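The values are calculated or read from the model by the stated rules, or taken from the named source; none is laboratory data. Predicted, not measured: the structure shown is a model, and the values here were computed from it. Positions of Cβ are backbone-derived with ideal geometry, glycine not excepted, and every protein chain shown enters the neighbour counts.
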Amino acid sequence: MDFLLIVPVLLLSVVVHEVAHAWQALREGDTTARELGRITLNPVPHLDPMGSIVVPLLLHFLPGNFLFGWARPVPVNPRNYRNQRAGDIRVSLAGIVANLGLVVFFAAALALLPLLEGVLSPGGQAGSTLFSILTYGVLINLILAYFNLIPIPPLDGSHVLKHLLPASLGARYMALGRYGIAILFLMLLVFPGGFATLLSPVFVAFDWILEATLG
């Protein structure tokens, strides 16, 4: 049952993440994503067979109680940005900002949930399901925001670190992106519980948000 609740929230969260990249790229002067129909909340153009289907299913059946996934990266052309360096950083961070915005949205909905007590049956299935969806919304988006800050190409944090390095070193560093997803996938297979340790700050933040919103 939890898997059936998590997947739609995960799908929404990764789609919003990618749409934010596409929207910010358009603001920076690059129309590539818009021309390819990626500024849309329709999940179909954003689905990645591996990250949106295979990895979540695999993690569901692996030990570690950890679920993660991603959408198909939005194609952008930084050469079209009015300011390539600042534009690349802003476009890269847009997805993270979008996920943090969803954290605020889901947390606010959790805080308002007691107002629905007169509509939902106390202790009923509808109220319990809605509570689970909202808490998963907070947790999943915290994970996505934090995970994408990790400076492993092609994750978003790598685009920020690239601009802090000398140009030649930054180019070699970003070239590792062709192996980044494969490395992450192997890590998920070999150390499924390792990500829970890596993301321990996320769970601290999650507990703090639940305490703040639910009292």
With respect to Ser121, determine if the residue is hydroxyl-bearing (Ser, Thr, Tyr), at pLDDT below 95 and either outside any helix (DSSP H, G or I) or surrounded by fewer than 18 Cβ atoms within 10 Å (Cβ to Cβ) (or both). yes
Selection status of Arg82, modelled with pLDDT of 95 or more and either within 14 Å of the chain's Cα centre (by Cα) or surrounded by fewer than 16 Cβ atoms within 10 Å (Cβ to Cβ) (or both): yes
For Leu26, are the conditions met, namely being at pLDDT 90 or above and part of a helix (DSSP H, G or I)? yes
Can you tell me which of Gly215, Gly137, Gly127 is within 25 Å of His21 (Cβ to Cβ) and either in contact (Cβ under 8 Å) with a residue 40 or more places away in the chain or not aliphatic (A, V, I, L, M) (or both)? Gly137
